[in-house]
Amino acid sequence: MSESLPMPIPAPITPAQRTQIINLIRRTARAEILPRFRTLGRAEIDHKSGPMDVVTAADREGEKMIARGLLQLFPNAHIVGEETATDESIAELADAEMGFTIDPVDGTWNFAHGLATFGVIVSMTRFGTPVFGLIYDPVTDEILVGDETGPAQVIAPRRPARVVTVSDGGPVEDLSGFVSLYSMPEDKRAETAALMTRFRHLYMLRCAAHEFRMVAQGHVDFVLSANLTPWDHAAGALLVKRAGGHVACLDGAEYRADMRSGYLLCASDAATWGRVRDTFSYLLDAADTSDA
């Protein structure tokens, strides 16, 4: 008697719903984000936890518009947006059958200072596990999108959708990646900075949207993230994985959107992930200090 084949995983959303989400993000960018780019006055830029942690009207109004649109499509969804999130709402992602995370303007410091390295990030989660991810570049109108049932794709105007894949990886000295030095615990920054010359090149964009996009498209080999927040990391983790990469926390645990401590490492393959993990393993001694 032949063994039965495993049942295919159902897509988290329908193609029509996916198109509606994409259109919602594009409308929000046109209405609330792009009109404010390079037009903000000093009085329109506020600070949250410190001088580098800024928020603008584009963040607040963009999040409101995206949240309203998602709730119209999915009335029972649990919404966690960067500008309105609480510790409780993040923790509730673990119990939510359908959750959405929203970063309306990722890379706000860049956006507020006229740099075009910013984006919109939306993810859908199921009981804390990312199952759909979208990263949108409003400047180029390019979208990186994917879900747990298929490959990550880039969708751009007047071009066919293109499947993306991660790099081939390799030894540490041949790798390029993203490591945010100033997100590391203060007592580990000097050690982290000293390691940078071991790699071919390390970058800091101050924008998770573009860092994950670069890894998923194979332009760099890894991204190491601290200060875990679901609006920054859930979509990117899913998209790198669907582009063929290896994704896990630095201690080997499976990443979940409700995590707030530890480190997320996304790399081109398991072997490369292991080499990068070994290089930064000293951070595990300080993992409990990296809460957002």
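Each reported figure results from applying straightforward, stated rules to the coordinates on display, with no laboratory input. The structure presented is a predicted model; accordingly, all values stated were derived computationally and were not measured. Counting neighbours? That spans all protein chains shown, and the Cβs are built from the backbone with ideal geometry, glycine included.
Restricting the count to DSSP beta bridges whose residues both fall in the stretch 1-155, what percent are antiparallel, rounded to a multiple of 5? Bridges in the stretch 1-155 are about 85 percent antiparallel.
Dipole of the stretch 172-289 computed with +1 at Lys/Arg Cβ and -1 at Asp/Glu Cβ about the Cα centre; of A194, A253, L228, farthest Cα towards the positive end is L228. Both numbers refer to the Cα atoms of the stretch 172-289; Rg and Dmax are 12.6, 35 Å.
In this structure, E92 and V172 have a Cβ-Cβ separation that, at R0 = 35 Å, corresponds to a calculated FRET efficiency of about 0.35. Among the aspartates and glutamates, which fall within straight-line cross-link reach of K241, defined as a Cα-Cα distance under 17 Å, with same-chain neighbours fewer than 8 residues apart omitted? Qualifying aspartates and glutamates at Cα under 17 Å: D147, E148, D168, E211, D221, D232, E254, D269. The order of Y282, Y136, Y203, going from fewest to most other C-beta atoms within 10 Å of their C-beta, is Y282, Y203, Y136.
Among residues other than L24 whose Cβ falls under 13 Å from its Cβ, what is the net charge (Lys/Arg +1, Asp/Glu -1)?
On the way: positive: R18, R26, R27, R30, K64, R68; negative: E32, E63.
Its environment carries a net charge of +4.
Listed peptides 172-184, 206-218 appear in the order 206-218, 172-184 once ranked by packing, highest mean of other Cβ atoms within 10 Å at the front. Taking a ≥ b ≥ c as the square roots of the eigenvalues of the Cα gyration tensor of the stretch 54-127, is the shape rounded (a/c under 1.5), prolate (a/b larger than b/c) or oblate? It comes out prolate by the Cα gyration axes. P(r) tail for the chain, what percent of Cα pairs lie past 37 Å? The share of Cα pairs beyond 37 Å in the chain comes to 10 percent. The stretch 265-279 and the stretch 177-232 have Cα centres spaced 13 Å apart. The A116 and T19 beta-carbon pair, evaluated with R₀ = 35 Å, returns a calculated FRET efficiency of approximately 0.85.
Evaluating 6.51 cos²θ - 1.76 cosθ + 1.60 at θ = phi - 60° for every residue in the stretch 125-132, the Karplus couplings come out as 10, 10, 6, x, 8, x, 10, 8 Hz, glycine and proline recorded as x. For the stretch 102-207, what class follows from the C-alpha gyration tensor (a ≥ b ≥ c being the square roots of its eigenvalues): rounded when a/c is under 1.5, otherwise prolate if a/b is larger than b/c, else oblate? Prolate. Mean residue ellipticity, 222 nm, helices only, the chain: the sum of -39500 (n - 2.57) across DSSP H runs of n ≥ 4, divided by residue count and rounded to 500, is -8000 deg cm²/dmol. Relative contact order (percent) for the chain, with alpha-carbon contacts under 8 angstrom and 6 or more residues of separation? After rounding, I find 16 percent.
Can you give the net charge of the other residues whose Cβ lies under 14 Å from the Cβ of E88, counting K and R as +1 and D and E as -1?
Working: positive: R260; negative: D87, E92, D95, D258.
Taking every other residue near E88 into account, the sum is -3.
Counting pairwise Cα distances across the stretch 15-163, what percent come out greater than 28 angstrom? More than 28 Å apart: 19 percent of the Cα pairs in the stretch 15-163.
Restricting everything to alpha-carbon atoms, can you work out Rg to Rh for the stretch 208-258 with a Kirkwood hydrodynamic radius? Walk me through the numbers on the way to the answer.
Details: Rg = 10.0 Å, Rh = 11.0 Å.
Value, to two decimals: 0.91.
A straight Cα-to-Cα reach below 28 Å connects K48 with the lysines K64, K188, residues fewer than 8 places away in its own chain not being considered.
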